[in-house]
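Throughout, read-outs are computed from the coordinates displayed, never taken from laboratory work. All values derive from a computational prediction rather than experimental measurement. Positions of Cβ are generated from backbone atoms using ideal geometry, with glycine treated the same way; all protein chains shown enter the neighbour counts.
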């Protein structure tokens, strides 16, 4: 249930006649973000609320006042609505969801006239969902732009629950417009729970995920970043075991590995630079930018 303190608003504007009664009865649908935030007509985008799961099971999607045809809504769940961008003029559009007759907040989507040259799918847990894909989107892609960076992070996710979601996201985004890169960073929530970690099961699931990557899509796997000790906690031994296995597996399969862990700890003052003193697991904005920089450099090396 959403509180009155978080009404259905967005993009600096409040929708008219909104939803005190709906908040009290059923809650307002709330689109936390659209991913990617740029694209072309016919591209797949995802309206997301994976934390509160407020989007309901059905309804309508509008680009301002233009409804998306039902045939172009590919999948609808309380946390994700996958749809194709309707044929509209290029420019910025405000997108909303109506669920059970209640409108959501507005989220901005930039419909490009120039065809996208590069599509990058970022997949993982909260370390992906929080920030780094948005920073990566804003990077200079030079001759390989314009680029769309897709955020398919899900807070709290463990690998065991990631495989089916990974297959669905890859299928939707790759079916028409063709993905160029997948950035995969999984395992943090597994290795953080030292009592319940099963490395063999993690490895088996990750291998199945990798086998579902379509031919021609370049996969970049990221190691798990370190956890700082300023909150009374430190990296578990399983973090090093998982990262070591990732390195060996990537080498044996000739896959690209981005050593995010080393990219953090190679700086002597990494604990205070890349993390706050209140969150030992999630990096601050500087830390997220470091992740984006490391992945960006790896993409640049792999581009033709």
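Annotations
- Share of alpha-carbon pairs per 10 Å distance bin for the range 187-304, given as whole %: 12, 41, 35, 11, 0
- Between the range 179-228 and the range 29-69, the Cα center-to-center distance that results, in Å: 27 Å
- Folded to 0 to 90 degrees: helix 163-175 orientation relative to the chain principal axis, Cα: 60 degrees
- Prolate/oblate/rounded label for the range 19-139 (Cα gyration tensor, a/c 1.5): oblate
- Treating each Cα of the chain as an identical point scatterer and summing with the Debye formula, the log10 of I(q)/I(0) at q = 0.12, 0.15, 0.16 Å⁻¹ comes to -0.83, -1.22, -1.34.
- Stretch gain in nm, segment residue 143-residue 60, where the contour uses 0.36 nm per residue and the Cα spacing is subtracted: 26.2 nm
- Remark: spin-label model distance residue 267-residue 110 equals 2.6 nm, labels positioned 7 Å along the Cα→Cβ axis.
- Cα gyration tensor shape of the range 132-267, rounded if a/c is under 1.5, else prolate or oblate by comparing a/b with b/c: prolate
- Normalised contact order of the chain, rounded percent, pairs of Cα under 8 Å and 6 or more residues apart: 14 percent
- 0 to 90° range, to nearest 10: angle between helix 237-253 axis and the chain longest Cα axis: 90 degrees
- Using C-alpha pairs under 8 Å with a sequence gap of at least 6, the mean separation divided by the residue count of the range 193-304 gives a relative contact order of 26 percent.
- Relative to one another, the C-alpha centroids of the range 239-263 and the range 143-173 are positioned 20 Å apart.
- Each label was represented as a point 7 Å from its Cα along the Cα-to-Cβ direction; for residue 90 and residue 160 these points are 4.8 nm apart.
- Length released on extending from residue 279 to residue 256, taking residue separation times 0.36 nm less the Cα-Cα span: 5.3 nm
- The slack between residue 117 and residue 41, meaning 0.36 nm per residue of separation minus the straight C-alpha distance, is 26.0 nm.
- DSSP assigns beta bridges within the chain; of those with both partners inside it, close to 55 percent run antiparallel.
- Sorted by Cβ neighbour density within 10 Å, fewest at the top, the residues 186, 94: 94, 186
- Taking each DSSP H run with n ≥ 4 as -39500 (n - 2.57) and averaging over every residue of the chain yields -8500 deg cm²/dmol at 222 nm.
- The calculated pair-distance distribution of the range 105-198 uses every alpha carbon pair, bins of 5 angstrom beginning at 0, and gives 3, 12, 21, 21, 18, 12, 7, 4, 2, 1, 0 percent.
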